[in-house]
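Engineer: To start, I am sharing the structure in question, which I have written as structure tokens.
The values are calculated or read from the model by the stated rules, or taken from the named source; none is laboratory data. The model shown is predicted, which means the values in this text are computed figures rather than measured ones. Here the Cβ positions follow ideal geometry from the backbone for every residue, glycine too, while neighbour counts run over all protein chains shown. SASA here: full protein model, heavy atoms, side chains in, ligands and nucleic acids out. Shrake-Rupley method; radii C 1.70, N 1.55, O 1.52, S 1.80 Å.
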Amino acid sequence: MVAIHVNRYKCGYCGACVGVCPTGALELIETWIEADENCTGCGICAKVCPVGAIEVKK
Amino acid sequence: MKDQYDVVVVGAGPGGSIAAKTAAQKGLDVLLIEKRQEIGDPVRCAEGVKKISLRRHIEPDHRWICADVKGSRIFSPNGTKVEMSEAISGGEVGYVLERKVFDRALAYEAAMAGADVMVKTRATGLIIEDGFVRGVNVMHLGDESTIRSKIVIGADGVESKVGRWAGIDTSLHPSDIETCAQFLVTGVDIDQDYCDFYLGNKIAPSGYIWVFPKGKNQANVGIGILGSKSGKHRAITLLSDFIKEQMPDARIIEMVVGGVPVKGTIERTIANGLMLVGDAARQSDPITGGGIINSMDAGKIAGEVAAKAIAAGDVSTKALNDYEKRWRATIGREIDSSLMVKNTFVKFTDEDLNSLAYSLKNVNFTSMRLMDLLYALFKANKKLLWDLRDLFKDVVKNEIDFNYRS
């Protein structure tokens, strides 16, 4: 279960979220972010995103 | 497409291209892969470098130099200015680059040295056999394939996965990353001779705003804030506020975002058959955020060590430890010092920053070295900067002559 939502219209595909992901669940693929089932919804990526493109799903 | 190389370099930024070029010059069979279809784009960088360090790797070329700067000015929250300039002593300072052109020039040099280059080629995993990295799985234009190599060099940036795949924990805590945004602005009256830095916990919590000239009436105006301070305020909104207030006439012609590792040196940057370089190895400077030169220095060492290890037929961590030792003895030492400064800096209130700037009111810097600035600050503010005393132990002992006059 992927617990985050990345707003592609906001995302600047910089990869900061990938660098802080503690479980390695995120990947920057060219111009978008993909999350896999290792995502725990910890929200660290959402916190550091420079543009606020990531939301943790409730 | 060949499926076997001596070395595969993942990521064609400055670190990856220099590593590929160096290894190819040493006679190795090298492949440099870049996941994007363009090299050098999108930019995630403020683009400032020191001239003297750049020359170690490439001759300056006007095609990728936007501005030639003579000094830096730091502004405390109440506007107190500290100026560092080498213009007086006739020295040379820095360039502001056009990374899109610069990165491609470096990839060109790697190719001219004999390296194969593949763009739109993403590493999707490592081939690991008997505890050794033996190549990469890649996707090129949607097709998956396997490329075997004796050594993999991971230069895959802040979003690096190569290290993690090999069991090296490169993950960053929120306080280990500066989250950044930058606008290329035009239509502003910018002093093209200086790089400016604005400090203050309101405008840039545990970070700063920079204004780097980009030629004519243009500038990179950017912000970095510590990840742990991000959330309620975002880099992008704080930067927009600053521009609205300080540069109401600015026209924004490009937007850049990025994350800069400010963790300091990590425990390990090698595995059997693997070396990490640049942001992937968290080699950016924790206080300046600068990473271009460190990446290039590390890339060069990695290329040299790869050649030696392959010639000796040993690519184990024992052989690659030479890379670890060499980068830690050079850029690693600077990173450690900068980390100490960062850990002190992030605790300062605006009042601290103002009084620090004020204490340098009558100091004329003729050097651009951060250490010179810090030592002058330390001498005038021993109580506030007591945590930094270890930095200056050697300085005092060896009576190193500092390039400033008070």
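Engineer: Any residue in segment A:20-32 that is on the phi > 0 side of the Ramachandran plot and free of Cβ contacts under 8 Å to residues at least 24 places away in the same chain?
Structural biologist: We begin by selecting, within segment A:20-32, every residue on the phi > 0 side of the Ramachandran plot; these are A:24, A:30.
From the residues that got through so far, the ones that are free of Cβ contacts under 8 Å to residues at least 24 places away in the same chain too are A:24, A:30.
Checking segment A:20-32: at least one residue is on the phi > 0 side of the Ramachandran plot and free of Cβ contacts under 8 Å to residues at least 24 places away in the same chain.
Engineer: Which one is surrounded by the fewest Cβ atoms within 10 Å (Cβ to Cβ) among residues in segment B:200-238 that are assigned to a loop (DSSP other than H, G, I, E, B), within 14 Å of chain A (Cβ to nearest Cβ) and in contact with a helix residue (DSSP H, G or I) (Cβ under 8 Å, 6 or more places away or on another chain)? Show your work before the answer.
Structural biologist: Of all residues in segment B:200-238, those assigned to a loop (DSSP other than H, G, I, E, B) come to B:200-207, B:214-218, B:230-234.
From what is left, the residues that are within 14 Å of chain A (Cβ to nearest Cβ) are B:204-207, B:230-234.
Going one step further and asking which of them are in contact with a helix residue (DSSP H, G or I) (Cβ under 8 Å, 6 or more places away or on another chain), we end up with B:204-207, B:230-231.
Working: B:Ala204: 26, B:Pro205: 17, B:Ser206: 20, B:Gly207: 28, B:Ser230: 25, B:Gly231: 15.
Across segment B:200-238, the extreme among qualifying residues is B:Gly231.
Engineer: If I filter segment B:373-383 down to residues being assigned to a helix (DSSP H, G or I) and either farther than 20 Å from B:Thr288 by Cα or touching a residue at least 60 places away in the same chain (Cβ under 8 Å) (or both), which single residue comes out as most open to solvent (accessible area, probe 1.4 Å)? Write out each step before concluding.
Structural biologist: Taking segment B:373-383 as the starting set, the residues that turn out to be assigned to a helix (DSSP H, G or I) are B:373-380.
Those left that are additionally either farther than 20 Å from B:Thr288 by Cα or touching a residue at least 60 places away in the same chain (Cβ under 8 Å) (or both): B:373, B:379-380.
Working: B:Leu373: 14, B:Lys379: 112, B:Ala380: 58 Å².
Out of the qualifying residues, it is B:Lys379.
Engineer: Taking the residues in segment B:136-165 that are among the aliphatic types (A, V, I, L, M) and within 12 Å of chain A (Cβ to nearest Cβ) as candidates, determine which candidate is nearest to the chain's Cα centre (by Cα). Don't jump to the end; show me each part of the working.
Structural biologist: At the first step, the residues of segment B:136-165 found to be among the aliphatic types (A, V, I, L, M) are B:136, B:138-139, B:141, B:147, B:151-153, B:155, B:158, B:162.
From what is left, the residues that are within 12 Å of chain A (Cβ to nearest Cβ) are B:139, B:141, B:158, B:162.
Working: B:Met139: 28, B:Leu141: 30, B:Val158: 10, B:Val162: 19 Å.
Top of the filtered list is B:Val158.
Engineer: Another one. In segment B:251-295, how many are over 18 Å from the mean Cα position of the chain (by Cα), not in a loop (DSSP other than H, G, I, E, B) and not acidic (Asp, Glu)? Walk me through how you get there before you give the answer.
Structural biologist: To start, the set of residues in segment B:251-295 that are over 18 Å from the mean Cα position of the chain (by Cα) comprises B:251-255, B:267-268, B:270-274.
If we keep only those that are not in a loop (DSSP other than H, G, I, E, B) as well, we get B:251-255, B:270-271, B:274.
In the following step, the residues that additionally are not acidic (Asp, Glu) were identified as B:251-253, B:255, B:270-271, B:274.
Result for segment B:251-295: 7.
Engineer: Going through segment B:170-199 one residue at a time, which ones are more than 9 Å from chain A (Cβ to nearest Cβ) and free of Cβ contacts under 8 Å to residues at least 40 places away in the same chain?
Structural biologist: Across segment B:170-199, the qualifying residues are B:Asp189, B:Ile190, B:Asp191.
Engineer: Right, B:Gly299: assigned to a helix (DSSP H, G or I) and either surrounded by 23 or more Cβ atoms within 10 Å (Cβ to Cβ) or within 14 Å of chain A (Cβ to nearest Cβ) (or both) or not? Steps first, please.
Structural biologist: Details: assigned to a helix (DSSP H, G or I): yes; either surrounded by 23 or more Cβ atoms within 10 Å (Cβ to Cβ) or within 14 Å of chain A (Cβ to nearest Cβ) (or both): yes.
Spelling it out, B:Gly299 is indeed assigned to a helix (DSSP H, G or I) and either surrounded by 23 or more Cβ atoms within 10 Å (Cβ to Cβ) or within 14 Å of chain A (Cβ to nearest Cβ) (or both).
Engineer: Then there is this: Counting only residues that are buried (at least 17 other Cβ atoms within 10 Å of the Cβ) and either in contact with a Lys or Arg (Cβ under 9 Å, 6 or more places away or on another chain) or over 28 Å from B:Gly227 (Cα atoms) (or both), how many does segment B:347-366 have?
Structural biologist: Total meeting the criteria: 6.
Engineer: Then there's this: Which numbered condition in (1) closer than 16 Å to B:Glu34 by Cα; (2) open to solvent by 30 Å² or more (accessible area, probe 1.4 Å); (3) part of a strand (DSSP E or B) is the only one that B:Ala123 fails?
Structural biologist: (2)
Engineer: Considering only residues that are among the polar types (S, T, N, Q) and at pLDDT 95 or above, look in segment A:21-39 and name the one that is surrounded by the fewest Cβ atoms within 10 Å (Cβ to Cβ). Please lay out each step first, then the result.
Structural biologist: Here is the first cut: in segment A:21-39, the residues among the polar types (S, T, N, Q) are A:23, A:31, A:38.
Filter again for at pLDDT 95 or above, leaving A:23, A:38.
Values: A:Thr23: 15, A:Asn38: 12.
Selected residue: A:Asn38.
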